[in-house]
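The values are calculated or read from the model by the stated rules, or taken from the named source; none is laboratory data. Bear in mind the structure is a predicted one, so any value in this text is a computation, not a measurement. Cβ placement follows ideal geometry from the backbone for every residue including glycine, while neighbour counts extend to all protein chains displayed.
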Amino acid sequence: MTIGGHDGVTCSVCSNTNGHECVLGNLNRCPMCGFVWYPITDYPAVSLLYEDAYFAGTEYPDYLGQENALRKSMRRHLSQMARFSPLEGKLLEVGCAYGLFLDEARLHFDQVVGVDVCANPVSHACKQIGVDARCGNFLRMEFGAQRFNVVCLWDTIEHLPTPGDFLKKAAELIVDGGMLYITTGDISAAVARMRGRHWRQIHPPTHVSYFSRETLSKLLRLSGFTVVGIETASYYHTLFNILASIRLRRGVFGGVASGLLSMLGEGLARRFGIWLNLGDIMFVAARRIPTTIPSRTQ
Ligand SMILES: [Zn+2]
């Protein structure tokens, strides 16, 4: 199964086809709007990109082993959302993975639904967590007359080769005035600019779309949304997760992290954690522009 892909030349944000600049090694940058993407025409099968090792070794050191830390971060997302809109009604999460956010969200929302392309995490969400999670390509999924008050994409849009299609589909499913919440890396952030091609968010082909505040705002406007707030997102990490993530990147720092981890021992490193916010992950709140103008009464 494939999930579409860039044609390599068309900008997903402004549709410019008149050339692009090569930046950060093997990425393209649109000279018109500044959107950065990984040019890919033959997108690998989802099953190859997101096999089980993705969540336990290649991209995440140990996703489920970090459940408590992840839940803390998810609860923080919820409190951030609550500043923009009440936590009520129906919620849809695109890219729900193991369903941890859905489990936290259902304490507030009347109904929560998740979708993801990864079969095993979705199965875990359904069977172990007991939430309504569906496996498949969101773009091809049927929702009938179902509409949602809130749609969330946590650390998901950077994985999408055609992000505009996902936002337009989300807009179709959100009630007028409903909310869309997104977290993703901010390529215009100081840390990203400083790290260049070594920025931790740059790892194609799983990350293919690299937004700035400006390009994401533009794509949201073109997809039927008004941006009502852009903040940064904080994540709770155990010491184990921090050191194991650095170890995954290898190099000198990877070696130091590996040494520290052996010295401390895994048990101890999993017990302690801190909130991290490097200012390079955006938390974006956008409101669905009403499709109908209510009639005025005098
Ligand atoms: Zn562009």
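Collect the residues in the range 24-33 that are within 14 Å of S209 (Cβ to Cβ) and more than 7 Å from the ligand (Cβ to nearest atom), keeping them in residue-number order. Spell out the reasoning first.
So the first thing to find is which residues in the range 24-33 are within 14 Å of S209 (Cβ to Cβ), and the list is 24, 27-30, 33.
Result: L24, L27, N28, R29.
Could you grab me the full set of residues in the range 193-215 that are buried (at least 22 other Cβ atoms within 10 Å of the Cβ) and either over 28 Å from R288 (Cβ atoms) or touching a helix residue (DSSP H, G or I) at 6+ places or on another chain (Cβ under 6 Å) (or both)?
S209
Is there a residue in the range 180-190 that is assigned to a helix (DSSP H, G or I) and surrounded by fewer than 20 Cβ atoms within 10 Å (Cβ to Cβ)? Show your work before the answer.
Within the range 180-190, the subset assigned to a helix (DSSP H, G or I) is 190.
Checking which are surrounded by fewer than 20 Cβ atoms within 10 Å (Cβ to Cβ) leaves us with 190.
The answer is yes, given that some residue of the range 180-190 is assigned to a helix (DSSP H, G or I) and surrounded by fewer than 20 Cβ atoms within 10 Å (Cβ to Cβ).
Can you find a residue that is at pLDDT below 95, surrounded by fewer than 18 Cβ atoms within 10 Å (Cβ to Cβ) and of a type in the set (V, I, T) anywhere in the range 218-236?
Checked against the condition, which is being at pLDDT below 95, surrounded by fewer than 18 Cβ atoms within 10 Å (Cβ to Cβ) and of a type in the set (V, I, T), the range 218-236 yields no hits at all.
Could you tell me whether any residue of the range 217-237 is in contact with a strand residue (DSSP E or B) (Cβ under 6 Å, 6 or more places away or on another chain), assigned to a loop (DSSP other than H, G, I, E, B), touching a residue at least 60 places away in the same chain (Cβ under 8 Å) and of a type in the set (A, V, I, L, M)?
Checking the range 217-237: at least one residue is in contact with a strand residue (DSSP E or B) (Cβ under 6 Å, 6 or more places away or on another chain), assigned to a loop (DSSP other than H, G, I, E, B), touching a residue at least 60 places away in the same chain (Cβ under 8 Å) and of a type in the set (A, V, I, L, M).
Quick check on the range 272-282. Is at least one of its residues hydrophobic (A, V, I, L, M, F, W, C), in contact with an Asp or Glu (Cβ under 8 Å, 6 or more places away or on another chain), modelled with pLDDT of 90 or more and part of a strand (DSSP E or B)?
Here is the first cut: in the range 272-282, the ones hydrophobic (A, V, I, L, M, F, W, C) are 272, 274-276, 278, 281-282.
Okay, now just the ones that are also in contact with an Asp or Glu (Cβ under 8 Å, 6 or more places away or on another chain), so 281-282.
Next, only the ones that are modelled with pLDDT of 90 or more stay: 281-282.
Retained after the next criterion (residues that are part of a strand (DSSP E or B)): 281-282.
Checking the range 272-282: at least one residue is hydrophobic (A, V, I, L, M, F, W, C), in contact with an Asp or Glu (Cβ under 8 Å, 6 or more places away or on another chain), modelled with pLDDT of 90 or more and part of a strand (DSSP E or B).
Criterion first (more than 16 Å from the ligand (Cβ to nearest atom), of a type outside the set (S, T, Y), modelled with pLDDT of 85 or more and touching a helix residue (DSSP H, G or I) at 6+ places or on another chain (Cβ under 7 Å)) does L78 satisfy it?
Values: more than 16 Å from the ligand (Cβ to nearest atom): yes; of a type outside the set (S, T, Y): yes; modelled with pLDDT of 85 or more: yes; touching a helix residue (DSSP H, G or I) at 6+ places or on another chain (Cβ under 7 Å): yes.
Judged against the criteria, L78 is a match.
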